[in-house]
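J.: Have a look at this one before I ask anything.
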């Protein structure tokens with residue numbers, strides 16, 4: 001199995017696994033997105049984790065934009081909405097999947 005398919009498998013896992021917990025929480029809380037977001041800030045530990053992932057998402061986005069400008073691999077831009085709509089656990093391996101395409 002090539003490393004490229006491992007990146008894709010990790011992207012799928014990074015989309016499904018965290019989303020299971022988000023959906024479970026939202027189902028128990030009247031499907032309120034705002035309650036989910038409020039839960040991310042309940043204490044200093046979760047607050048720090050939110051900032052850690054936000055900074056990682058911004059860094060990944062800048063890296064994607066810089067590399068797409070140089071390599072003209074436009075499909076790799078799909079990793080940006082994946083990062084911000086799903087999470088870094090999906091966006092990063094998805095970008096590595098797109099980036100590892102043979103040239």
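Each value in this text was obtained by applying a stated rule to the coordinates, not by laboratory testing. Just so you know, these numbers come straight off a predicted model, no measurement behind them. Here Cβ is always computed from backbone atoms with ideal geometry, including for glycine, and neighbour counts include all displayed protein chains.
J.: Quick check: the angle from helix 88-99's long axis to the longest principal axis of the chain, C-alpha only, nearest 10 degrees?
T.: Compared with the principal axis, the helix lies near 10 degrees.
J.: Can you give the Rg and Dmax of the chain based on its C-alpha atoms, in angstrom?
T.: Just the Cα atoms of the chain yield Rg and Dmax of 15.4, 48 Å.
J.: I've got another one for you. Give the angle, between 0 and 90 degrees and rounded to the nearest 10, that separates the Cα long axis of helix 3-28 from the longest principal axis of the Cα atoms of the chain.
T.: 20
J.: Computed FRET efficiency, Cβ-Cβ of residue 21 and residue 58, R0 35 Å: what is it to the nearest 0.05? Numbers along the way, then the final one.
T.: Working: r = 23 Å, r/R0 = 0.66.
The calculated FRET efficiency here is 0.95.
J.: Say each of residue 31 and residue 69 gets a label point 7 Å from the Cα, pointing the same way as Cα to Cβ; how far apart are those two points in nm?
T.: Placing both labels 7 Å along Cα→Cβ, they lie 4.1 nm apart.
J.: Right, here's the next one. Could you work out how far helix 44-71 tilts from the main Cα principal axis of the chain, as a 0 to 90 degree angle to the nearest 10?
T.: 20
J.: Rank-order 16-23, 62-69, 79-86 by packing density, defined as the average count of other C-beta atoms within 10 Å over each peptide's residues, highest first. Mind dumping the intermediate values first?
T.: Working: 16-23: 12.2, 62-69: 14.1, 79-86: 17.6.
Result, highest mean Cβ count within 10 Å first: 79-86, 62-69, 16-23.
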